[in-house]
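Novice: Here's a structure for you.
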Amino acid sequence: MAKYRRDRINEEMTHEVSDIVRGIKDPRVSKHLVSVMRCEVTPDLKYCKIYYSVLGADKEGDGFDAKELKKGLVSASGYMRKQIAERLNLRITPELQFVYDDSVAYGAKISSILHSPSVKEDIRRFDERAEQEAREAEEAALLAAQNEEEDEFDD
């Protein structure tokens, strides 16, 4: 199967699965805001990995349990496969595998670290030092060019 076809199927799966997840009535799933990040279908269309994330999962005390959420998604996979079969015209409806994707939470953590006052100060000092070194290198290059011109005139 051509890669572009599989890419289109992956996009459609992502769209449909994210729509289906919103309609799941299992309390393990419905009490969280689950976002489907992407879907990857194997070339033979037998399996589909669904990468999902949960909004606010990095905060403490919100009752988020990744294992329970995954159990809820796995138990709803039959319903999801049925909905996918109805919505997408595929010869084979893939078996669903769920993978928790914490890249959004990781990115938010990195962003908060980069925007902390101590890191901002370090970045400012680094930028000042880099500008100073660039000025010194430019002055050295000009001085070398002037010395080279003087050497040419002496000859």
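A short reminder: the numbers here are calculations on the coordinates, not readings from a lab. Quick caveat, the model's predicted, so the values are computed rather than measured. When we count neighbours, we look across all protein chains shown, and the Cβ atoms used for this are built from the backbone with ideal geometry, even at glycine.
Novice: Compactness ratio of the chain: Cα Rg over 2.2 N^0.38 Å, N = residue count?
Specialist: 1.84
Novice: Which residue fluctuates most in the GNM of the chain (Cα springs below 10 Å): 145, 66, 76?
Specialist: Highest fluctuation among the options: 145.
Novice: In terms of Cα to Cα distance under 29 Å, which lysines are near enough to residue 120, apart from those fewer than 8 places away along the same chain?
Specialist: 59, 109
Novice: Could you go through segment 6-13 in sequence order and give the Karplus-derived ³J(HN,Hα) for each residue, using 6.51 cos²θ - 1.76 cosθ + 1.60 with θ = phi - 60°, rounded to whole Hz, and x for Gly and Pro?
Specialist: 3J(HN,Hα) across segment 6-13, in whole Hz: 5, 4, 5, 5, 4, 4, 5, 4.
Novice: Rank by packing, highest mean first: peptides 8-19, 102-113, with packing defined as the count of other Cβ atoms within 10 Å averaged across residues.
Specialist: Averaged packing, sorted descending, gives the order 8-19, 102-113.
Novice: What order, most packed first, do the peptides 127-136, 25-34, 45-54 have when packing is the mean number of other Cβ atoms within 10 Å of each residue? Before the final figure, lay out the partial values.
Specialist: Values: 127-136: 10.0, 25-34: 15.7, 45-54: 17.9.
The packing order, highest mean first, is 45-54, 25-34, 127-136.
Novice: Still on this structure: Would you mind working out the magnitude of the charge dipole of segment 52-144 relative to its Cα centre, with +1 at each Lys and Arg C-beta and -1 at each Asp and Glu C-beta, to the nearest 20 Debye?
Specialist: Dipole of segment 52-144, to the nearest 20 debye: 940 debye.
Novice: On to the next question. For an R0 of 35 angstrom, estimate the FRET efficiency from the Cβ-Cβ distance between residue 124 and residue 35 and round to the nearest 0.05. Display every interim value, and only then the final one.
Specialist: Working: r = 35 Å, r/R0 = 1.00.
Approximately 0.50, to the nearest 0.05.
Novice: At 222 nm, what value in deg cm²/dmol follows for the chain if DSSP H runs of at least 4 each add -39500 (n - 2.57) and the sum is divided by all its residues, to the nearest 500?
Specialist: Per the formula, -20500 deg cm²/dmol.
Novice: Hey, what do the phi angles of segment 40-55 turn into as Karplus ³J(HN,Hα) couplings, whole Hz, using 6.51/-1.76/1.60 and θ = phi - 60°, x for Gly and Pro?
Specialist: Once θ is set to phi - 60°, the couplings for segment 40-55 become 10, 9, 5, x, 8, 6, 8, 10, 9, 8, 10, 8, 10, 9, 10, 5 Hz.
Novice: Could you tally the net charge around residue 69, taking each other residue with its Cβ under 11 Å from the Cβ of residue 69, Lys/Arg +1 and Asp/Glu -1?
Specialist: Combined, the nearby Lys, Arg, Asp and Glu give +2.
Novice: Also, I was wondering about something else. Under the 0.36 nm per residue contour assumption, what length would be gained going from the current alpha-carbon distance of residue 7 and residue 55 to full extension?
Specialist: Details: separation 48, 0.36 × 48 = 17.28 nm, distance 2.57 nm.
In short, 14.7 nm is gained.
Novice: So which of 49/82; 3/71; 3/49; 49/71 end up more than 22 Å apart by C-alpha? Please list the in-between numbers first.
Specialist: Details: 49/82 16 Å; 3/71 32 Å; 3/49 17 Å; 49/71 15 Å.
Where the Cα-Cα span goes over 22 Å, the pairs concerned are 3/71.
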